[in-house]
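Peer 1: The structure's right below; bear with me while I get my questions together.
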């Protein structure tokens, strides 16, 4: 067996959606390098330094590398087993769910290119597919795991990949530790939108809060809500592979009060909720905004992110049209997050 290392060059706006797609089609590991994050670190930390030309060498593209196992027969397994999906024909609002496939490597590459094209109908994906190469079996894990380390997501939350046996004692002091592997599914906390949602949850979660994490992905926000003391958490996603991964991550983190299931807003089980969080994309948030108030408690709040700055007005208008008032906003670089309540 050997590993196909796929390279995709894309925009910051599309990077999370592409990582999610790659996880859904069966990537065994995903690494994302965002040059803007590096530039922000340098700009915001007066003690940071680097050699001349280092910043320029990173370029402008977000570079995503995904790893797929190729069997000795020259085929790549794409996606989860078909019985893991409630609707194998596809229920995705952006792209369909993936059933079990074993494709020759060349066909697998074309399959991934087609999925990128589907994302490109909604988001600017930039250069897109930039080829693939083979990586030896003994090297592949280090090739993507080396990009990840333990990091602080908010004042109290630390994200730690499972392969780090002994974390940073100073970093973990008085912290809430979330164990999550970046290759398991989209949403590891490195993106601004996830970080903003986590920071907001850190401020607003109370012991009696009931939470809906809509579009849960890897389950990171549901896990954080649980560890912050939420009473009950529903983690819902339109893709049942993501739900399966979220269930596994919740089990690893000991979050027994999180219920993960496949569905959309109309199929949630325990409305009304004290808090609904949706870290999706601006267009989807605007589309579902009119249905949010019906599933919120009278004094509940809606936290939304995944909103690129040039689409924020659409979300603001949709929230107002739904009878909601924005009571707080937060920004990181080109991304926005809002807290809204029913008027």
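The values are calculated or read from the model by the stated rules, or taken from the named source; none is laboratory data. Not measured: the values here are computed from a predicted model. A quick note on method: Cβ atoms are made from the backbone with ideal geometry, for glycine too, and the neighbour counts reach across all protein chains shown.
Peer 1: Within region 147-216, which strands (runs of 3 or more DSSP E) (wholly inside it) include 2 or more residues that are at pLDDT 90 or above and assigned by TED's automatic domain parsing to the domain that holds residue 247?
Peer 2: Qualifying strands (runs of 3 or more DSSP E): 210-214.
Peer 1: List the number of the failed condition for residue 317; all other conditions in (1) farther than 19 Å from residue 194 by Cα; (2) touching a helix residue (DSSP H, G or I) at 6+ places or on another chain (Cβ under 7 Å); (3) without any contact (Cβ under 8 Å) to a residue 60 or more places away in the chain hold.
Peer 2: Of the numbered conditions (1) farther than 19 Å from residue 194 by Cα; (2) touching a helix residue (DSSP H, G or I) at 6+ places or on another chain (Cβ under 7 Å); (3) without any contact (Cβ under 8 Å) to a residue 60 or more places away in the chain, the odd one out for residue 317 is (2).
Peer 1: Pick from 277, 245, 284: which is assigned to a strand (DSSP E or B), assigned by TED's automatic domain parsing to the domain that holds residue 196 and touching a residue at least 40 places away in the same chain (Cβ under 8 Å)?
Peer 2: Within the list 277, 245, 284, the selection yields 277.
Peer 1: So, one more: Kindly list the number of the only condition in (1) out of contact with any helix residue (DSSP H, G or I) (no Cβ under 6 Å at 6 or more places or on another chain); (2) surrounded by fewer than 24 Cβ atoms within 10 Å (Cβ to Cβ); (3) over 13 Å from residue 324 (Cα atoms) that fails for residue 290.
Peer 2: Going through (1) out of contact with any helix residue (DSSP H, G or I) (no Cβ under 6 Å at 6 or more places or on another chain); (2) surrounded by fewer than 24 Cβ atoms within 10 Å (Cβ to Cβ); (3) over 13 Å from residue 324 (Cα atoms) one by one, residue 290 breaks only (3).
Peer 1: Hey, another quick one. Do we have any residue at all in region 136-145 that's modelled with pLDDT of 70 or more and under 21 Å from the mean Cα position of the chain (by Cα)?
Peer 2: no
Peer 1: Can I ask one more? Checking the structure you have, find out if any residue of region 89-106 is more than 26 Å from residue 243 (Cα to Cα), modelled with pLDDT of 90 or more and out of contact with any strand residue (DSSP E or B) (no Cβ under 8 Å at 6 or more places or on another chain).
Peer 2: Within region 89-106, one or more residues are more than 26 Å from residue 243 (Cα to Cα), modelled with pLDDT of 90 or more and out of contact with any strand residue (DSSP E or B) (no Cβ under 8 Å at 6 or more places or on another chain).
Peer 1: Going by the conditions given, is residue 16 in a helix (DSSP H, G or I), closer than 30 Å to residue 307 by Cα and modelled with pLDDT under 75?
Peer 2: No, not satisfied.
Peer 1: Looking at region 222-231, which of its residues are touching a helix residue (DSSP H, G or I) at 6+ places or on another chain (Cβ under 9 Å) and either surrounded by fewer than 24 Cβ atoms within 10 Å (Cβ to Cβ) or at pLDDT below 95 (or both)?
Peer 2: 228
Peer 1: Considering only region 329-343, state which residues are out of contact with any helix residue (DSSP H, G or I) (no Cβ under 8 Å at 6 or more places or on another chain) and over 17 Å from residue 292 (Cα atoms).
Peer 2: 329
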